[in-house]
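Encoded as structure tokens, the structure appears first; notes follow it.
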Amino acid sequence: MTGRPHLPPEPFFLDRPDGSRRFCLLHAPAGSRAAGCVLYLHPFAEEMNKARRMAALQSRAFAAEGLAVLQIDLLGCGDSSGDFGDASWAAWVDDGLAASRWLRERYAGAPLWLWGLRAGTLLAQAVHRQLQAPAHLLYWQPTPSGKQHLQQFLRLKRAAAIAGTDAGAGGTTLPPTPRALLDRGEPVEVGGYWLSPALASGLDGATLAPPTAPAPGTRLVWVEQGDGTEPAPASATVLRDWAVAGVQPEVHVVAAPPFWQTVEVEEAPAFIAASTAAIPGAGSPP
């Protein structure tokens, strides 16, 4: 870490065309220029809160390297307008595009990175597909399949329903599955979060598949937790697809706690070290 001077985090609201607002936090180097700019797209539901500490630590580390980092609370999340149940996948993608435009206008000419964690990687991928300009990608603990991620989330609801039935009178009929409710257009509550059919549908169809023709020079830095040197099998499949598409991923498998889901707030210095070493070398925009 170079330890360049950087400014205190700057909170502000990003106004949206419908009159709603998104809470943002900017970590920036001193001065008006930046070696690059990074948009952080947070994970899904409670994982967002679990990961706030790590997002802040990495943002500070990037700012000390001369990078400007924008953290945005998506529609219905954190301190932004709306409730979680108001969110849709399309609205979240639009939030990501708006935040990307803000960074590009503020730091014209600086390479743009989309940094996602868990389901945030799926969102970053969706934003990347719709950007009208090149961008690099930093993926933390990527979630290759939105369908699988949604299924895991909905299992929390199903498990609670089964437990409630077991605790009641014998022979009680199980309620409709969360998936069945979503399929017929009804929101479901999971772990204190109301999930809309529009958000579930978008997540369900999201993948990390590469674009057909990535912009020349596009970089993909992939950081995931593991005990060895090889990524998980599901990750390896996606990484091969990116290599075939012409982008050779830079893969880091690091020993670290699953900070996005631990009971206590955890830190994972290995994630920060790998990312901080990789990003400043981005050079010119692709």
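Which shape class, rounded, prolate or oblate, goes with the range 196-286 when its Cα gyration tensor gives a ≥ b ≥ c as root eigenvalues, a/c under 1.5 marks rounded, and past that a/b bigger than b/c marks prolate? Kindly include the intermediate steps, with their values, before the conclusion.
Numbers: a/c = 1.67, a/b = 1.11, b/c = 1.51.
Note, shape of the range 196-286 comes out oblate.
Can you pull out the trypsin sites (Lys or Arg not before Pro) in the range 175-254 whose DSSP state is coil and whose Cβ has at most 11 other Cβ atoms within 10 Å? Could the numbers behind the result be given before it?
Working: sites: ARG179, ARG184, ARG219, ARG240; in loops: ARG184, ARG219.
Loop-located and lightly packed - ARG184.
How many percent of the alpha carbon pairs in the range 179-243 exceed a separation of 14 Å? If you can, show how the numbers build up before the last one.
Working: 1468 of 2080 pairs.
Counting every Cα pair in the range 179-243, those more than 14 Å apart make up 71 percent.
Which peptide among 198-207, 60-69 comes first, and what is the full order, when sorted by highest mean count of other Cβ atoms within 10 Å?
Working: 198-207: 19.7, 60-69: 22.8.
Top to bottom by mean Cβ count within 10 Å: 60-69, 198-207.
Evaluate the range 80-239: find the radius of gyration of its Cα atoms, find its Kirkwood radius, and give the ratio Rg to Rh.
Details: Rg = 18.7 Å, Rh = 17.8 Å.
That ratio equals 1.05.
Which of GLN125, GLN152, GLN58 ends up with the largest GNM mean-square fluctuation for the chain, with Cα atoms connected below 10 Å?
Largest GNM mean-square fluctuation: GLN152.
With r as the distance between the Cβ atoms of ALA30 and VAL244 and R0 = 25 Å, compute the FRET efficiency 1/(1 + (r/R0)^6) and round to 0.05.
Numbers: r = 42 Å, r/R0 = 1.68.
Plugging the Cβ-Cβ distance into 1/(1 + (r/R0)^6) gives 0.05.
Each value in this text was obtained by applying a stated rule to the coordinates, not by laboratory testing. Note that the structure is predicted; figures quoted are calculated from it, not measured. Ideal geometry is used to build each Cβ from the backbone, glycine not excepted, and the neighbour counts take in all protein chains shown.
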